[in-house]
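Remarks on the structure that follows.
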Amino acid sequence: MYSLARLPRSQPLLKNVIKRSVSSSTAQPASAGGVSVIGFENKGPASTSSLTVAVKAGSRYESIPGVAHVLKNFAFKATSSASSLRTARETELYGGVLSASLTREHLFLSAEFLRGDEEHFLSVLASVLSSSQFYPHELNELVLPVVESEAIQAQSTPAALALDIAHTLAFRKGLGNSLYASPNYPVTIEDVKSYAQTAFAKSNISVIGTGVSTESLSKAVSSAFGSGSSAAGSGLSGGATKYFGGESRVPLDIHAPATALPTVVVAFGSSSPATPDLKVLKELLGGESSLKWTPGTSPLSQAAAKIPGASAKAFLLPYSDASLFGVVITAPTSPQAKTLATEVVSIIKSAGKGSKDEEVKRAIAKATFSDAVGSETLEGLVSSVGPALFAGGTIKSESFSSVSASSISKAAAELLKAKPTVVSIGNVSVLPYADELGL
Amino acid sequence: MPTIDKMIFGNGPLGPSLAPWIRQRPTLQKFWARWSNWYKNAAGYRQKGYLYDDLIVEENPTVQKAISRLPANQSYDRVFRMRRGLIQSMLHTPLPKEQWTKAEADERYLTPLIEQVVAEEKEREEWDTMVVERLKQRKEGKKNIFG
């Protein structure tokens with residue numbers, strides 16, 4: 001019954017998918033009453049749409065430590081038109097999902113829903129931006145417990161904690177601000193209110209839609225945000241980013257869960273945005289296997305495969321005016337982490353030197369794929385399109401045509417000139433210092 | 001203004017009160033305020049330094065939640081008044097006259113918070129017992145703003 005004979009009937013569907021990928025690559029932003037707007041029309045079988053408001057209000061712009069984290073959790077609470085309970089229950093009835101996420105540069109408020117419910121969810125997002133009430137009792141009863149648990153969760157995850165500390169060491173202020181609120185710096189309701197007021201200025205937000213065209217989205221946004229949203233303001237501004245680097249050693253809490261492994265992060269930053277060369281370098285060092293049950297062929301995963309349960313993964317965190325490139329090393333015990341870290345540092349030092357053409361080609365293919373596949377999920381799409389909208393540039397996929405073995409080795413040499421950022425979490429009497437690693 | 005049955009049978013922990021109805025009628029209120037003030041002075045709580053809202057029965061979750069929403073200074077003052085009042089009760093004496101609660105200081109600091117909590121509980125109950133109905137008119141009149 002389920003034979004190949006059925007295949008021709010499903011071919012139109014396949015065509016739709018191809019059409020969809022073509023049409024979404026040509027979407028261009030428009031302006032709707034001061035708010036930049038972009039819609040990706042997927043003509044495929046998907047019957048869901050989504051709306052995301054990207055706000056330039058990440059932790060780098062915060063004036064009081066943790067206020068961005070608190071504001072993120074204040075999303076979809078009481079507004080002048082609906083209580084938080086009403087918003088939640090109505091969303092359930094419509095079969096939608098409301099979510100808020102925070103990065104170092106942006107705050108994303110997303111609504112995913114069935115096609116046809118755009119009107120309702122656009123008004124929900126507009127009222128969050130324009131008329132959130134910021135009740136003190138909601139801060140204490142609904143927001144702070146979640147903020148606290150998210151902060152504790154991050155504290156007890158060595159990789160998240162290490163990256164947070166690495167940012168502080170690397171950039172100190174601005175991008176170096178922690179993503180999480182801290183009990184040492186209480187955030188009051190007045191702080192949240194004043195931060196939200198500047199953050200939700202029209203020049204500071206942009207709207208990204210999927211399943212809608214840019215024209216219809218910009219029409220709807222200019223009517224929904226027209227009167228409601230706060231007036232045009234200067235928005236938030238952070239200072240220029242400078243890279244510093246440094247070293248930090250944190251003992252792993254004895255009460256940490258069994259999944260918390262000793263972690264070492266070795267990172268190099270620069271105060272210029274990520275280049276295609278760095279993206280390819282990340283794939284060249286690798287650490288992630290593209291095939292199940294095998295360690296993979298990249299140098300980092302080969303090194304990590306020698307220790308059972310260990311991993312070494314390269315990462316590249318791109319920001320609008322800086323980037324952080326590095327490797328996260330975890331191992332079951334601190335001595336093993338030390339061994340692996342020493343090996344990883346020697347790999348980083350020789351990165352890009354004498355790599356074969358086929359390796360580079362493989363890395364370029366991988367980088368192209370991961371760049372493209374990132375925009376398939378809402379989260380990935382929003383995190384790549386949001387910054388581009390604020391930069392005022394066009395939305396296009398990264399071109400890796402200029403990357404070659406020599407350009408990679410040049411980029412790597414440039415990167416390694418900077419002072420390294422080293423964070424070790426685990427048994428600090430065993431874990432090596434940066435100079436012991438040869439950095 | 002609460003509904004008439006709420007005013008007669010009580011609005012949650014707040015008890016029956018025709019005050020909202022009276023407050024909307026200025027002539028009646030002017031007449032009534034004299035009696036109300038006389039009653040409050042005669043009740044004796046002002047002589048022990050309490051405010052009217054200190055007398056609301058607090059042993060229920062609604063009022064407990066409202067008390068938890070008080071600003072820190074009001075919450076502290078409330079405890080202070082209760083301790084002072086308790087001591088006066090044990091001594092069977094009123095406070096010195098200059099420490100009695102003045103009529104203008106006798107503000108309803110807790111009632112708005114209790115009303116807020118009661119309204120929240122009511123809303124939650126409404127959503128919990130809600131029945132979803134498909135409205136035919138809505139489907140026809142529904143406009144797709146992106147259409």
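The values are calculated or read from the model by the stated rules, or taken from the named source; none is laboratory data. All values derive from a computational prediction rather than experimental measurement. Quick reminder, even Gly has a Cβ in these numbers, built from the backbone with ideal geometry, and neighbours come from all protein chains shown.
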Residue count, the range A:154-175 (criterion: assigned to a loop (DSSP other than H, G, I, E, B) and over 21 Å from residue A:243 (Cα atoms)): 2
Go through A:368, A:294, A:333, A:342 for me and flag whichever is among the β-branched types (Val, Ile, Thr) and under 23 Å from residue A:170 (Cα atoms). A:342
Of A:356, A:349, A:396, the only residue that is of a type in the set (D, E, K, R) and touching a Gly at 6+ places or on another chain (Cβ under 8 Å) is A:349
Give just the number: which of (1) touching a residue at least 60 places away in the same chain (Cβ under 8 Å); (2) surrounded by fewer than 17 Cβ atoms within 10 Å (Cβ to Cβ); (3) within 25 Å of the chain's Cα centre (by Cα) does residue A:125 not satisfy? (2)
Of these, A:257, A:262, which one is at pLDDT 90 or above, closer than 30 Å to residue A:331 by Cα and assigned by TED's automatic domain parsing to the domain that holds residue A:425? A:262
Out of the range B:63-93, which residues are touching an Asp or Glu at 6+ places or on another chain (Cβ under 7 Å) and within 14 Å of chain A (Cβ to nearest Cβ)? B:64, B:67
Residues located in the range A:211-254, provided they are modelled with pLDDT of 85 or more and within 13 Å of chain B (Cβ to nearest Cβ): A:211, A:212, A:213, A:214, A:215, A:216, A:217, A:218, A:219, A:220, A:221
Answer from A:435, A:357 - the residue that is free of Cβ contacts under 8 Å to residues at least 60 places away in the same chain, loosely packed, with under 14 Cβ neighbours inside 10 Å and touching a helix residue (DSSP H, G or I) at 6+ places or on another chain (Cβ under 7 Å): A:357
If we keep only residues of the range A:198-210 that are outside any helix (DSSP H, G or I) and within 22 Å of the chain's Cα centre (by Cα), then the residue farthest from the other protein chains (Cβ to nearest Cβ) is A:200
Scanning the range A:373-392 residue by residue, those of a type in the set (Asp, Glu) and either free of Cβ contacts under 8 Å to residues at least 24 places away in the same chain or under 13 Å from residue A:205 (Cα atoms) (or both) turn out to be A:376
Being surrounded by 13 or more Cβ atoms within 10 Å (Cβ to Cβ) and hydroxyl-bearing (Ser, Thr, Tyr) is the filter; apply it to the range B:27-53 and report the residue that is farthest from residue B:78 (Cα to Cα). B:36
Inside the range A:335-354, can you point out the residues that are crowded, with 23+ Cβ neighbours inside 10 Å, among the small types (Gly, Ala, Ser) and part of a helix (DSSP H, G or I)? A:337, A:341
By residue number, the members of the range A:95-116 that are within 13 Å of another protein chain (Cβ to nearest Cβ) and in contact with a strand residue (DSSP E or B) (Cβ under 8 Å, 6 or more places away or on another chain) are A:95, A:113, A:114, A:115
When you look at residue A:192, is it assigned to a helix (DSSP H, G or I), under 27 Å from residue A:257 (Cβ atoms) and within 24 Å of the chain's Cα centre (by Cα), yes or no? no
What are the residue pairs meeting all of these: first residue in the range A:130-154, first residue assigned by TED's automatic domain parsing to the domain that holds residue A:166, second residue exposed (fewer than 13 other Cβ atoms within 10 Å of the Cβ), Cβ atoms under 7 Å, and 6 or more apart or on different chains? A:131/A:80; A:133/A:80
Residues of the range A:181-212 being touching a strand residue (DSSP E or B) at 6+ places or on another chain (Cβ under 9 Å) and within 25 Å of residue A:321 (Cβ to Cβ), in sequence order, are A:196, A:199, A:200, A:202, A:203, A:204, A:205, A:206, A:207, A:208
Inside the range A:44-94, the number of residues satisfying the requirement of being surrounded by fewer than 19 Cβ atoms within 10 Å (Cβ to Cβ), more than 14 Å from chain B (Cβ to nearest Cβ) and either among the charged types (D, E, K, R) or over 22 Å from residue A:186 (Cα atoms) (or both) is 4
Restricting attention to the range A:259-266, does a residue exist that is more than 18 Å from the chain's Cα centre (by Cα) and surrounded by fewer than 22 Cβ atoms within 10 Å (Cβ to Cβ)? yes
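For every residue, the table says whether it meets (1) modelled with pLDDT under 90; (2) within 30 Å of residue A:112 (Cβ to Cβ); (3) more than 17 Å from the chain's Cα centre (by Cα); (4) among the basic types (Lys, Arg).
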| position | (1), (2), (3), (4) |
| --- | --- |
| A:377 | yes, yes, no, no |
| A:381 | yes, yes, no, no |
| A:392 | yes, yes, yes, no |
| A:409 | yes, no, yes, no |
| A:421 | no, no, yes, no |
| A:428 | no, no, yes, no |
| A:434 | no, no, yes, no |
Qualifying position, being in a helix (DSSP H, G or I), of a type in the set (Val, Ile, Thr), crowded, with 17+ Cβ neighbours inside 10 Å and in contact with a strand residue (DSSP E or B) (Cβ under 7 Å, 6 or more places away or on another chain), among A:385, A:423: A:385
Out of contact with any Lys or Arg (no Cβ under 6 Å at 6 or more places or on another chain), touching a residue at least 24 places away in the same chain (Cβ under 8 Å) and not aromatic (Phe, Trp, Tyr): does that describe residue B:79? no
Does residue B:84 satisfy the criteria of being touching a residue at least 60 places away in the same chain (Cβ under 8 Å) and at negative phi? no
Hey, any hits in the range A:138-153 for a residue that's outside any helix (DSSP H, G or I), within 14 Å of chain B (Cβ to nearest Cβ) and within 30 Å of residue A:223 (Cβ to Cβ)? no
Tell me, yes or no, whether the range B:91-109 has at least one residue that is surrounded by 16 or more Cβ atoms within 10 Å (Cβ to Cβ), in a helix (DSSP H, G or I) and not charged (D, E, K, R). no
